[in-house]
Structures are given as C-alpha cells and as structure tokens.
Amino acid sequence: MSPQVTFKSNEDKAPQESVDSAGKPVAPAPRLSDAVRAPYAPSHGSAPSAMPQPPVGLEDLGPAAGLRVVGPEREKWLQGMQSNDLSASPYGGAVAGAFLGAKGRLVAVGLLWRRRDEVIVTTDPDRLEALRAHLDKLLIMEDCEMQEAPGLRRLRYWPADAPPRSVAAHILGSPQPLGFELLLPEAEAQSLLETLRDRPRPDLAEAWRIATGVPKWGAELDEDTTPVEAGLDPLLSFSKGCYVGQEVVAMATYRGRVAWNLVRLEVEGLAPAAGSKLGAGGKGRVTSSTQVGGTALLLGYVHKEQIVPGSVVQLEDGRPAKVLGLPYASLPGAGVCA
C-alpha cells in the first residue's frame with residue numbers, strides 16, 4: 001500500500017491527558033450549565049429551504065447500554081478498537097467512534113466516555129451484545145478488561161438560546177450533533193430530570209435529525225454499511241494510528257472506492273415512505289423522511305456521481321428530489337483529500 005493510504009502506527013502509544021494524537025491541546029470538558037444552541041450550518045451544500053422547529057429540553061434516553069473498560073492499557077487498546085481519537089476527549093467528556101469489522105463495515109457506533117480510571121462505551125441498546133461479542137474476541141493480551149456498566153443513565157439536552165438555569169456547574173458532558181450528551185449515575189440523572197422539566201417533542205427531535213442529516217442505526221446504518229458511505233467521516237481519525245477496519249477506510253477514502261453515499265434531499269409535496277426507491281438501481285433508496293410545510297426533507301443513498309449539491313434524483317413516483325449535500329459535518333473525501 002502506498003504511504004498516502006497508510007495511517008500512522010499507534011505502537012506502544014497510549015492517549016495523553018492534555019493533547020490529542022496530533023499534538024493539539026485538548027480543551028476541558030464542556031459544562032451543561034454553559035450549553036446554548038448553535039446555529040445550524042451545513043458542512044457541504046445548502047440547508048433545506050424550510051427547517052423544522054428546533055427541539056428544546058432534556059430528553060431521557062433511558063438506562064445506558066454500556067461497557068466499562070478498566071486497566072492500565074484501556075485507552076491504548078480502545079484506540080485500536082474504534083475509528084476516532086480517544087485522546088481528543090477531555091476527562092469527563094466523550095468522543096464518538098465507529099467500531100468496525102475487518103472488512104470496514106459497522107458493528108456499532110457509540111460514545112467513549114473518558115474518565116480518570118476507566119472508559120465507558122455507550123451504544124444503542126440493540127447493538128450492545130454485538131459490540132460486546134466483537135470486542136471480547138479482540139481483547140487478548142492487553143492489560144485491561146471489560147465489565148458491565150450498571151446504574152448509569154443517558155440524557156440528551158437540546159439547548160435553547162440561553163443556558164439552562166439552576167444546573168450544577170460540575171455536570172459535564174459532550175456536545176454531539178443532536179445535543180449535549182450526558183452520562184450520569186441514576187440518582188443524579190433523576191435529580192436533573194426534576195430540575196429541567198421541559199421535554200423535547202419526539203416528532204420535532206426526529207424531524208431535526210433528518211433535516212440536519214444525522215444517520216441513525218436501523219435507518220441509515222446497519223451491519224452492511226461503511227462509515228465513508230454513511231458520511232461518518234467526523235468519527236474517523238487520520239492521525240491517531242491503526243484500528244480495526246482502518247485499511248479499508250483508508251482505501252475507500254483516498255482512492256474513492258465508494259459507489260453510494262448518504263445525502264440530504266428535499267422534494268415538493270408529501271414525504272415518501274422510508275424504503276422508497278431513489279434514482280436508478282442499486283442501493284438508491286430513501287432511508288428517512290419528514291414533512292415541513294409543503295416540503296419533504298429526506299435522507300437517502302444515491303450514486304456517488306449525484307452527491308453534488310443541486311443534483312436531481314428521481315423518486316419512484318416520478319417526482320424530482322434535489323440533493324442538498326452530504327450528512328451532518330461530512331465533507332467530500334472526508335475532508336482529507338479531493
């Protein structure tokens with residue numbers, strides 16, 4: 001393989017506390033008490049002609065589906081198990097990563113919560129057992145171990161224009177595409193739910209996800225999906241070193257070996273159902289849709305030649321859908337190559 005598509009080795013390297021793998025300083029973990037809504041600006045292409053109402057409030061995501069990793073080599077091992085740079089997360093915060101199989105397809109996506117004496121990996125509840133089995137096969141000689149992570153609850157705060165009131169300054173979290181993510185002990189989570197009583201409407205939360213282009217497991221993502229075609233390049237580190245599936249990701253990124261890409265689209269009229277055909281043949285399909293006034297906003301897979309903003313792709317009912325751009329924070333060539 002040419003040097004262009006080879007990642008740095010992470011041999012004998014464990015993440016450091018104050019700098020990431022590229023030597024850049026890591027900021028302290030963000031506080032919930034400072035969380036405010038950031039304006040949406042697409043990384044590629046244009047925003048929809050009509051945006052849904054942004055959700056606001058504290059969403060209860062339920063008991064955390066998580067794994068606790070402890071031991072002296074926990075961070076070094078996890079650097080090689082998933083796609084992102086764990087050292088880019090401050091203690092008390094989290095980084096989103098993709099866990100891949102040897103062929104570069106998704107096993108699960110999740111958050112890696114970095115603590116002083118442990119890392120807690122949270123994922124979708126229906127992916128926990130698959131992730132556990134996947135990691136268990138890869139934990140061989142490293143001086144660390146996986147454990148259950150009971151007694152924790154996941155919350156998501158959808159910020160407003162002003163920071164939340166009456167929130168303790170010690171509550172830390174991680175800003176992610178859909179809001180400010182929190183992983184708290186059960187008692188502390190219940191106390192926060194009592195303090196912040198506003199809840200986001202589920203339909204608005206889903207509409208916002210689709211409008212901004214955030215992929216979801218079971219809709220845009222499954223075990224046949226690769227992170228590059230799904231626009232998960234914000235979860236890919238090109239500086240930290242090797243990880244499972246990295247070679248396939250490198251080939252797909254630098255040599256353009258991806259035929260289908262997830263994009264944001266819009267079309268006039270009623271929203272087509274998920275699963276509707278999109279374009280001609282292959283994997284072209286609508287994966288998610290929502291209605292905003294007289295316009296339907298979609299996520300769907302199109303052939304790579306149609307990812308250019310403004311491209312027109314025909315729905316199976318004959319209507320022309322306009323491509324708006326790639327998913328949330330995604331860039332052509334993952335932002336590292338043309």
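The values are calculated or read from the model by the stated rules, or taken from the named source; none is laboratory data. Predicted model, so just to flag it, every value in this text is computed and none were measured. Reconstructed Cβ throughout: ideal geometry from the backbone, glycine too, with neighbour counts over all protein chains shown. These area figures cover heavy atoms from the full protein model, side chains too; ligands, DNA and RNA do not enter into them. Shrake-Rupley method; radii C 1.70, N 1.55, O 1.52, S 1.80 Å.
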Worksheet item: Could you give the accessible area per residue of the chain, probe 1.4 Å, as a whole number in Å²?
Response: 45 Å²
Fill in: Under 20 Å from residue 240, Cα to Cα: lysines that are on another chain or at least 8 residues apart
8, 13, 24, 76, 103
Practice prompt. With the full set of protein chains in place, find how many percent of the accessible area of the chain is carbon and sulfur; take the probe as 1.4 Å.
Written response: 52 percent
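In terms of solvent-accessible area of protein heavy atoms at a 1.4 angstrom probe, what is the ranking of 99, 238, highest value first? Spell out each step's value before the answer.
On the way: 99 0, 238 50 Å².
The ranking, largest first, comes out as 238, 99.
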Practice prompt. Between residue 40 and residue 259, with labels modelled 7 Å along Cα→Cβ, what's the label distance in nm to one decimal, could you check?
Written response: 3.2 nm
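Output the relative contact order of the chain, whole-number percent, from Cα pairs under 8 angstrom with separation of 6+ residues. Write out the running numbers ahead of the final one.
Numbers: 778 pairs, mean separation 77.7, N = 338.
Once normalised by length, the contact order is 23 percent.
Add -39500 (n - 2.57) for each DSSP H run of 4 or more in the chain, then divide by its residues: what number comes out at 222 nm, to the nearest 500 deg cm²/dmol?
Values: 5 runs with 48 residues, N = 338.
Rounded to the nearest 500, the figure is -4000 deg cm²/dmol.
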Response to the item:
HN-Hα couplings for region 22-34 via Karplus (6.51, -1.76, 1.60; θ = phi - 60°), in whole Hz with x for Gly/Pro, come out as 8, x, 7, x, 9, 6, x, 4, x, 9, 4, 5, 9
Worksheet, complete the sentence: Hits for the chain under the membrane-span-like helix rule (DSSP H, Cα axial span at least 20 Å, Kyte-Doolittle mean at least 1.6) are none
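Rank by packing, highest mean first: peptides 317-326, 211-220, with packing defined as the count of other Cβ atoms within 10 Å averaged across residues. Can you show the working numbers first?
Details: 317-326: 17.6, 211-220: 20.0.
Peptide ranking by packing, descending: 211-220, 317-326.
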